[in-house]
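Engineer: Sharing a structure, written as structure tokens. Questions coming.
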Protein chains: 2
Amino acid sequence: MTSAKNENRVKRLRPVRSSRVRLSKFALHLFEAWAKLEQPTTDSRVVIAVSGGADSTALLLAFDELIKAERLALDVVVAHLDHGLRKKTGKEDAQWVKELTRVLGHKVELGKANVGRRAKNTADNLEQAARLARYAFLARVAKRNKAQVVLTAHTMNDQAETVLLRLLRGSGADGLSGIAPVRSLDSKSDLLLVRPLITWAKRTDTESHCRHQGVEFRQDEMNHDERFARVRVRQTLVPLLQSFNGKVIESLTRTADLLREDIGVLNEKAATLLQQAESRAPENKSGTSAPLLNVEVLARAPAALRRRALRQWIAAQRGDLRGLEMVHLLAVEKLLGGNRGGRVAELPGGASVLRQRGQLKLRTGKG
Amino acid sequence: MTSAKNENRVKRLRPVRSSRVRLSKFALHLFEAWAKLEQPTTDSRVVIAVSGGADSTALLLAFDELIKAERLALDVVVAHLDHGLRKKTGKEDAQWVKELTRVLGHKVELGKANVGRRAKNTADNLEQAARLARYAFLARVAKRNKAQVVLTAHTMNDQAETVLLRLLRGSGADGLSGIAPVRSLDSKSDLLLVRPLITWAKRTDTESHCRHQGVEFRQDEMNHDERFARVRVRQTLVPLLQSFNGKVIESLTRTADLLREDIGVLNEKAATLLQQAESRAPENKSGTSAPLLNVEVLARAPAALRRRALRQWIAAQRGDLRGLEMVHLLAVEKLLGGNRGGRVAELPGGASVLRQRGQLKLRTGKG
């Protein structure tokens, strides 16, 4: 493997063919999932996020196995971020990932963040700060290496925990649909974030794959930190649910899958509603102004579509939905009642929605 | 109150008006919920299911309060079923409900079932058998008394428990949308089943309302029976969830509400899809034959709509969906792939779906 030598060189192997090498079950499953997600099997570079825990180590090992068996002709860059939450083990983890990647013959990029300080300086909690730091790092590594895809090793257990955390917050279908197997990494680039384990692998599978491969994975620094609600969900809630249903991880994953199908349809119908409700501001017909929304069209629509259309409208203009809660959407919906104009609903971040002459207008904080 | 004297006489009081009587908070909330659910305030007879527990006792007391304050001009029939699960307390509960109803001046109907035997004779578990016996009894009482509406005292706690039980089974949006505030009691009549407490009252509210009214409610026989998964959810799972989020009952209720809005839209779009896919069997153009479904139309549709359309198609012909699981829908969906015909998917109860000349055909077990 020479990928570490030349960043920009993408290996061009023969097209995928059945190989004489006997693949591990885990790698075969991964290959099937990768194909189902319609991801490239040749001529592409991928970044794999590796903490050193069982999940990401198993993902890296299996991906490496598929490359060496010539089932995938992809270039791998391993990315590891030290979150700066545990001084000693953080350094050791980074060293361990570096050494494993060297042995396998791939390129590695190590990064370091101070998530504790980051959380203090922002309104984010430790968990959010860690996630934001991690994804920002992965995006930087991907851009630097001209990779098209970033892989994370989320499993069905992560999916189940996410569904439960969202349920605890009273989420609707969008939240309960959990972690998407494929999504854009950010709104500014074409980078894809892919989770090839999430639909089929459990934590027990990644642990046993590492053991079968004779690799002693690290204990991920985040996995036992009781400051994280996710860790408490994993350690207390999931075991209780398993006492009701031994296959509850699978059940929760199925729920997320079904809801993802539902919101696919609902978001599509909401986009149609948004088109019907949109008109351009009359003072600017060039199409560059923010679209106004027809109050009557929105008021007639079912709440399930109206709220999603409003979210899409706000996201398109603000670039994201950070801080937007149900309470804000309810405030905007209140503007739709009756005939009076000139009323305002506040959004987070200083933005607001104004009702004027039968139309809704979004004012961003900056404008 | 004379309703007990003459079943068929519906009291005609003056139209609802603000009364001089000061209503309890609980009764006021109930009145608001009743209006929101667009239920009749005059010239109607309702059956209230009363076990004697806090929830149903509070509902009866508050309904009675609204009638005596002339906010509602409705005739009440109280229905109580002894499930035959606890010999001594079952009889005592029935006596207690009879006496309370007599004091309030309403009519009461007592019934008795042997749910244990019923469960043994069917494939149903104790919980399902109890529910089926209860709703069959309520339907009989309603028909006998020419009532239009049956009320049950389900609370937000019941809603939360239902969402959790469905989640444990891996349900999608339809299951997680929980208990509907208003639905048909059965497919054969116009009887409505209404839960006027479910959107706003918690168990603590019903208990404190009974106490404020000086009524010592009974311990519902079902509420402590550990044979019921619901009881275990209530006693172990809900308290653990509350340690994460003190308002988790409200959160779970909100999730159910949001999902109910979603499935309203999805079922409507699925009905449109079903219409597009349907054609009558050519050998019988009278419209009495079962509709066939066009394979191509279904195959093109998103799974979230296709599966709901298939459920509607099966329900319309079988009268219900008993025993129909995701695995059956997946088997029917498999028929849609490729070009081959002449294949069959089995449904529960001896029914099956056949693919023939580009169409799906349902064979009921009887036909």
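The values are calculated or read from the model by the stated rules, or taken from the named source; none is laboratory data. As the structure is a computational prediction, the values presented were derived from the model and not from experiment. No Cβ is skipped: glycine too gets one built from the backbone with ideal geometry, and neighbour counts run over all protein chains shown. Heads up: the accessible areas ignore ligands, DNA and RNA and are worked out on the full protein's heavy atoms, side chains in. Shrake-Rupley method; radii C 1.70, N 1.55, O 1.52, S 1.80 Å.
Engineer: For A:Val182, put the label point 7 Å out on the Cα→Cβ axis and report which residues of region A:111-148 keep their amide N under 14 Å from it.
Structural biologist: Zone members listed by number: A:148.
Engineer: Continuing with this model, one more query. Given a cut-off of 45 Å, what percent of all Cα-Cα pairs of the protein assembly as shown lie beyond it? It would help to have the intermediate numbers written out before the result.
Structural biologist: Working: 94154 of 269011 pairs.
Percentage above 45 Å: 35.
Engineer: In addition: Counting partner chain Cβ atoms within 10 Å of every residue's Cβ in A:249-262, what's the average?
Structural biologist: Working: counts 1, 1, 6, 3, 1, 5, 10, 2, 3, 11, 6, 1, 9, 13.
Rounded to a whole number, the mean comes out at 5.
Engineer: Grab the Cα-Cα distance for A:Lys146 and A:Thr364, subtract it from 0.36 nm times how many residues apart they are, and report the gain in nm with one decimal. Before the final figure, lay out each step's value.
Structural biologist: Values: separation 218, 0.36 × 218 = 78.48 nm, distance 3.34 nm.
Value of the extension gain: 75.1 nm.
Engineer: Accessible surface of B:Trp34 in the full protein assembly, 1.4 angstrom probe, to the nearest 10 Å²?
Structural biologist: B:Trp34 exposes around 0 Å² with every protein chain in place.
Engineer: Here's something else I'd like to know. Per-residue mean of other chain beta-carbon atoms within 10 angstrom of the beta-carbon, peptide A:79-88?
Structural biologist: 0
Engineer: Putting +1 on Lys and Arg Cβ atoms and -1 on Asp and Glu Cβ atoms, find which of A:Gly323, A:Ala299, A:Gln159 reaches farthest to the positive end of the dipole of the protein assembly as shown.
Structural biologist: A:Ala299
Engineer: How big is the convex hull of the Cα atoms of region B:96-205, per residue, in Å³? It would help to have the intermediate numbers written out before the result.
Structural biologist: Details: hull volume 16.3 nm³, N = 110.
Convex hull volume per residue, Cα atoms: 148 Å³.
Engineer: Lysines within cross-link reach of A:Lys87: Cα-Cα under 23 Å, excluding same-chain residues under 8 positions apart?
Structural biologist: A:Lys98, A:Lys112, A:Lys120
Engineer: Per DSSP H run of n ≥ 4, the term is -39500 (n - 2.57); total these for chain B, divide by its residue number, and report the mean residue ellipticity at 222 nm rounded to 500 deg cm²/dmol. Walk me through the numbers on the way to the answer.
Structural biologist: Values: 14 runs with 170 residues, N = 367.
My calculation for chain B gives -14500 deg cm²/dmol from helical runs alone.
Engineer: With just the Cα atoms of chain B, tell me how far they stretch along each of the three principal axes, in Å, largest first.
Structural biologist: Principal extents (largest minus smallest coordinate, Cα): 71, 48, 40 Å.
Engineer: Let me ask something additional. Carbon and sulfur together cover what percent of the accessible area of the protein assembly as shown at a 1.4 Å probe radius?
Structural biologist: Numbers: 17470 of 35560 Å².
In the protein assembly as shown, the share of accessible area belonging to carbon and sulfur is 49 percent.
Engineer: Using label points projected 7 Å from each Cα along Cα→Cβ, tell me how many nm separate B:Asn114 and A:Ala316, to one decimal.
Structural biologist: 6.6
Engineer: How well do other chains shield peptide A:164-176, expressed as the mean number of their Cβ atoms within 10 Å of each residue Cβ?
Structural biologist: 6
Engineer: Another question about this same structure. Which FRET efficiency value, to the nearest 0.05, is calculated for B:Val103 and B:Ala136 with the Förster distance at 45 angstrom and r the Cβ-Cβ distance? Don't skip to the end; give the middle numbers.
Structural biologist: Values: r = 28 Å, r/R0 = 0.63.
The pair B:Val103/B:Ala136 has a calculated efficiency of 0.95.
Engineer: Okay, moving on. Gain in length, A:Arg230 to A:Val344, computed as 0.36 nm per residue apart minus the alpha-carbon separation, to one decimal in nm?
Structural biologist: On the way: separation 114, 0.36 × 114 = 41.04 nm, distance 3.71 nm.
My answer for the length gained is 37.3 nm.
Engineer: Mind checking how much accessible area A and B bury in total, 1.4 Å probe, in Å² rounded to 100? Could you put the intermediate results ahead of the total?
Structural biologist: Working: alone 19310 and 19310 Å², together 35560 Å².
Buried area between the two chains comes out at roughly 3100 Å².
Engineer: On the first, second and third principal axes, largest extent first, how far apart are the outermost C-alpha atoms of region A:27-129 in Å?
Structural biologist: 46, 28, 22
Engineer: Oh, and also: May I ask for the angle, rounded to the nearest 10°, between helix B:25-36 and the longest principal axis of chain B, with both axes built from Cα atoms and the value confined to 0 to 90°?
Structural biologist: For helix B:25-36, the angle is close to 30 degrees.
Engineer: Report the label-to-label distance for A:Leu354 and B:Thr204 in nanometres (one decimal), using points 7 Å from each Cα along the Cα→Cβ vector.
Structural biologist: That separation, rounded to one decimal, is 4.3 nm.
Engineer: With every protein chain left in place, what is the accessible area per residue of region A:113-256 in square angstrom, probe 1.4 Å?
Structural biologist: Details: 6380 Å² over 144 residues.
Per-residue value: 44 Å².
Engineer: So how exposed is B:Glu109, as accessible area in Å² (1.4 Å probe, rounded to 10)?
Structural biologist: 30
Engineer: Can you work out the FRET efficiency for the pair A:His212 and A:Ser243, with r the C-beta to C-beta distance and R0 = 45 Å, to the nearest 0.05? The partial results should precede the final answer.
Structural biologist: Numbers: r = 29 Å, r/R0 = 0.64.
After rounding to 0.05, the efficiency reads 0.95.
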